[in-house]
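Written out below as structure tokens is the structure these notes cover.
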Amino acid sequence: MLVKDPVTGEIRIEKPPVPVKYFETGKVKIGCAIAPKPPAMSADAEQIQGALLGIPSRMFSTLPYLTYYAVVITIITAFLLVSCK
């Protein structure tokens with residue numbers, strides 16, 4: 001995991017907090033490639049990662065934005081109807 005040091009601003013690689021457990025048979029290590037599940041991302045982290053990967057944002061399809069657009073369209077339509085008469 002990449003971590004930025006707030007004091008120096010240096011980015012470093014940090015090992016996962018949970019050690020990876022494996023079973024060693026003498027010839028083969030079983031389970032050493034299994035990585036623990038990462039913690040859930042915040043909404044800001046998802047938005048930043050989506051922007052870096054080029055994934056379009058779903059922010060404008062949420063209920064508050066759709067309500068806002070409906071109100072704006074209603075006001076503009078009412079203004080145009082009143083001004084055309």
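The values are calculated or read from the model by the stated rules, or taken from the named source; none is laboratory data. Fair warning: this is a prediction, and the values are worked out from it, not measured in the lab. Cβ sites come from the backbone with ideal geometry, for glycine too, and all protein chains shown count toward neighbours.
Some points to look at:
- The set of residues in the stretch 35-54 that are surrounded by 10 or more Cβ atoms within 10 Å (Cβ to Cβ) and at pLDDT below 80 contains only PRO36.
- Residue in the stretch 1-10 that is surrounded by fewer than 10 Cβ atoms within 10 Å (Cβ to Cβ), modelled with pLDDT under 80, of a type in the set (Val, Ile, Thr) and outside any helix (DSSP H, G or I) present: no
- Subset tally (residues that are under 12 Å from the mean Cα position of the chain (by Cα) and among the aliphatic types (A, V, I, L, M)) for the stretch 37-84: 10
- Every pair of residues 6+ apart whose Cβ atoms lie under 9 Å, when the first sits in the stretch 58-69 and is modelled with pLDDT of 80 or more and in a helix (DSSP H, G or I) while the second is surrounded by 10 or more Cβ atoms within 10 Å (Cβ to Cβ) and not hydroxyl-bearing (Ser, Thr, Tyr): TYR65/MET59; LEU66/PHE60; TYR69/PHE60
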